[in-house]
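The values are calculated or read from the model by the stated rules, or taken from the named source; none is laboratory data. Worth saying up front: this structure is predicted, and the values here are computed from it rather than measured. Here the Cβ is made from the backbone with ideal geometry for all residues, glycine too, and neighbour counts use every protein chain on show. Side chains included, ligands, DNA and RNA excluded: accessible areas come from the protein's heavy atoms. Shrake-Rupley method; radii C 1.70, N 1.55, O 1.52, S 1.80 Å.
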Amino acid sequence: MPLFVVRHQHSPETCPARDPAMGAMLLNHLSRPSAARHGLTIKAEAVVRGAHSLFFIAEAADEAGLQEFLTPFRMAGEVEVMAASTCAGVVASGGCDMLPTPVPVASLDPADACQDAIEAGLLVHRAHPLNGETWVPELAGGAVMPNGRFYLRNHFDMPCVDAERYRLSVDGMVERRLELGLRELRNLRSESLVVTLECAGNGRSLFEPAVPGEVWGLGAVSTAEWTGVPLTEVLERAGLRPGATELLFRGADGGLVEGLPAPIRYERGLCLDQIREAGALLAYEMNGEPLSSPHGFPLRLIVPGWYAVASVKWLTEIVVTDRPFEGHYQTDKYWYQWVRDGREEGEPVTLMNVRALVASPGEGTTLQRGETAIRGVAWSGAASISRVDVSLNDGPWRQARLVGERRRSAWQWWELITQLEEPGPLAIRARATDMAGRTQPESAEWNRLGYGNNSIHRITAEVI
Ligand SMILES: Nc1nc2c(c(=O)[nH]1)N[C@H]1C(S)=C(S)[C@@H](COP(=O)(O)O)O[C@H]1N2
Ligand SMILES: [Mo]
């Protein structure tokens, strides 16, 4: 349970302890049974001699409950509540700077959020936490995915952040600590980028043998135009201290994770070189609308080119440090674990692999003989797409036409117009190649947690 240090201060003239009735009332209120009735535990309390100030250490599920308990003390003077941690907690998490401060936030109602996602047209895999993918045939629609149909990936309850109280803190190895409200962020230089996000687990359900994790088909990918502040703009304002090399990004969401003793927050690290190279953005708008709560309202990180695990939603804290972050979602998960020649090898999940998907015709569709358009999307984290090839019924590869603008970090549409002469089953395969010369394997290398599956996509239709 989160730990807090509470300070109560009153003026010498109105010292409540001098009034026996008032003093007794406060003592009773502070007693263990009374605290327990309010759902908290008082670990210790003490009064600083001659200073009219009382300190106590409390464990409470959230700050709101503790604040309510403190009402009698607020009537007798001032009250300050400070988020705290045990000494062991500080050391275990790598020092005072690294410590997550529990942000007591309300959650979106899971039932409502799930209903909204289904009504908007997502294929929901799990209601709580909410995880849903975009239908593959919808990938080849407009230039971007409508916000409601953009796939959703959550590890915890989705927090419902109050825009008025929201602050982004920038702390650690900085010249100036920053606390930026939404209005201040919106007043900084803004930039819009069309960026494709893909979950590293996209296509996981197609790995054989089966692997644990969300059972994604192929729709855990979407594209949006993100608007926000270039991250470097905020870092310049804070001023990096010499020796700073890494950033830690912390979301407002968190909770218990299997195998870990205490609740954690959603956190990811990135080194400064990677951030500059990627052109990371602190986004507050998605397709011209304020970010929706499920996609990270009011602010999320967007790291172009990277698997979306790096794009932290509900971003509340940035900590500048001088060493790589090694938290749960950095090193336990989102790590390729290969088994090569009977030996274990590992590697972090970083840039998106090159990949094409056939969006139209959809799996199992019936097609009329004659002229048919085969369409889809293709993307790669390392470079833009240089070509897409299509093979029908395992015949020779034919080069598809790339449609629309070529963008560094957004998917590329492609199409191939072809004549279908023969009735019967039609297998369609599409294979992308990027400007860095990377192309797709027939079958992606199996890894324990099922990441980065970019096997060549194959769909089957029926020609009549
Ligand atoms: N705070 C927070 N950020 C997060 C996550 C999360 O659970 N919490 N999930 C990550 C993962 S694994 C993915 S794939 C993307 C999904 O973003 P979306 O839900 O907007 O599609 O968000 C990333 N950022
Ligand atoms: Mo993901």
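Just the residues that are in a strand (DSSP E or B) and closer than 16 Å to residue 192 by Cβ, please, taken from segment 265-299. Quick ask: steps written out before the conclusion?
Taking segment 265-299 as the starting set, the residues that turn out to be in a strand (DSSP E or B) are 265-271, 281-286, 289-290.
Scanning segment 265-299 gives 281, 282, 283, 284, 285, 286, 289, 290.
Does segment 248-259 include one or more residues that are acidic (Asp, Glu), part of a strand (DSSP E or B), within 16 Å of ligand 1 (Cβ to nearest atom) and not assigned by TED's automatic domain parsing to the domain that holds residue 453? Within segment 248-259, one or more residues are acidic (Asp, Glu), part of a strand (DSSP E or B), within 16 Å of ligand 1 (Cβ to nearest atom) and not assigned by TED's automatic domain parsing to the domain that holds residue 453.
Rundown of residues vs (1) in the same structural domain as residue 177 (by TED's automatic domain parsing); (2) open to solvent by less than 30 Å² (accessible area, probe 1.4 Å); (3) aromatic (Phe, Trp, Tyr); (4) assigned to a loop (DSSP other than H, G, I, E, B), yes/no style:
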site	(1), (2), (3), (4)
25	no, no, no, no
34	no, yes, no, no
41	no, no, no, no
44	no, no, no, no
51	no, no, no, yes
59	no, no, no, no
67	no, no, no, no
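If the requirement is being more than 14 Å from ligand 2 (Cβ to nearest atom) and under 24 Å from residue 327 (Cα atoms), which of these qualifies: 251, 255? From the options 251, 255, the qualifying one is 255.
State yes or no: is residue 144 at pLDDT below 95, within 30 Å of residue 405 (Cβ to Cβ) and open to solvent by less than 50 Å² (accessible area, probe 1.4 Å)? Yes; evaluated as a whole, the condition is true for this residue. Applying the condition of being touching a strand residue (DSSP E or B) at 6+ places or on another chain (Cβ under 8 Å) and over 19 Å from residue 334 (Cα atoms) to segment 272-284 and asking which residue is farthest from ligand 2 (Cβ to nearest atom) yields 272. Among the residues of segment 166-217, those that are under 20 Å from residue 250 (Cβ atoms), acidic (Asp, Glu) and either over 23 Å from the mean Cα position of the chain (by Cα) or part of a strand (DSSP E or B) (or both) comprise 171, 179. If you check residue 111 against the conditions, is it at pLDDT 90 or above and either over 23 Å from residue 169 (Cα atoms) or in the same structural domain as residue 359 (by TED's automatic domain parsing) (or both)? Criteria not met by residue 111. Is it true that some residue in segment 285-293 is open to solvent by 10 Å² or more (accessible area, probe 1.4 Å), acidic (Asp, Glu) and touching a strand residue (DSSP E or B) at 6+ places or on another chain (Cβ under 7 Å)? Scanning segment 285-293, I find at least one residue that is open to solvent by 10 Å² or more (accessible area, probe 1.4 Å), acidic (Asp, Glu) and touching a strand residue (DSSP E or B) at 6+ places or on another chain (Cβ under 7 Å), so the answer is yes. Among (1) in contact with a Leu (Cβ under 7 Å, 6 or more places away or on another chain); (2) open to solvent by less than 20 Å² (accessible area, probe 1.4 Å); (3) within 15 Å of ligand 2 (Cβ to nearest atom), there is one condition residue 200 misses while meeting the rest; what is its number? Tallying (1) in contact with a Leu (Cβ under 7 Å, 6 or more places away or on another chain); (2) open to solvent by less than 20 Å² (accessible area, probe 1.4 Å); (3) within 15 Å of ligand 2 (Cβ to nearest atom), residue 200 fails exactly one: (1).
Any residue that is away from ligand 2 (no atom under 16 Å from the Cβ), at pLDDT 95 or above, surrounded by 14 or more Cβ atoms within 10 Å (Cβ to Cβ) and of a type outside the set (Lys, Arg) - is there at least one of those in segment 348-355? Yes; the residues of segment 348-355 include at least one that is away from ligand 2 (no atom under 16 Å from the Cβ), at pLDDT 95 or above, surrounded by 14 or more Cβ atoms within 10 Å (Cβ to Cβ) and of a type outside the set (Lys, Arg). Just a yes or no: is a residue in segment 204-213 within 14 Å of ligand 2 (Cβ to nearest atom) and at pLDDT below 95? Yes: one or more hits. Could you say whether any residue in segment 160-182 is under 22 Å from residue 293 (Cβ atoms), open to solvent by less than 10 Å² (accessible area, probe 1.4 Å) and within 16 Å of ligand 2 (Cβ to nearest atom)? No; the residues of segment 160-182 include none that is under 22 Å from residue 293 (Cβ atoms), open to solvent by less than 10 Å² (accessible area, probe 1.4 Å) and within 16 Å of ligand 2 (Cβ to nearest atom).
Does at least one position in segment 291-307 carry a residue that is on the phi > 0 side of the Ramachandran plot and either away from ligand 2 (no atom under 16 Å from the Cβ) or of a type in the set (Ser, Thr, Tyr) (or both)? No, that holds for no residue.
In segment 192-205, the residue that is farthest from residue 222 (Cα to Cα) out of those that are within 13 Å of ligand 1 (Cβ to nearest atom) and of a type in the set (S, T, N, Q) is 202.
Any idea which residue in segment 327-350 is farthest from residue 305 (Cα to Cα), counting only those that are in contact (Cβ under 8 Å) with a residue 24 or more places away in the chain and more than 14 Å from ligand 1 (Cβ to nearest atom)? Among those that are in contact (Cβ under 8 Å) with a residue 24 or more places away in the chain and more than 14 Å from ligand 1 (Cβ to nearest atom), it is 339.
The conditions of being of a type outside the set (Lys, Arg), closer than 24 Å to residue 444 by Cβ and away from ligand 1 (no atom under 16 Å from the Cβ) are met by residue 208.
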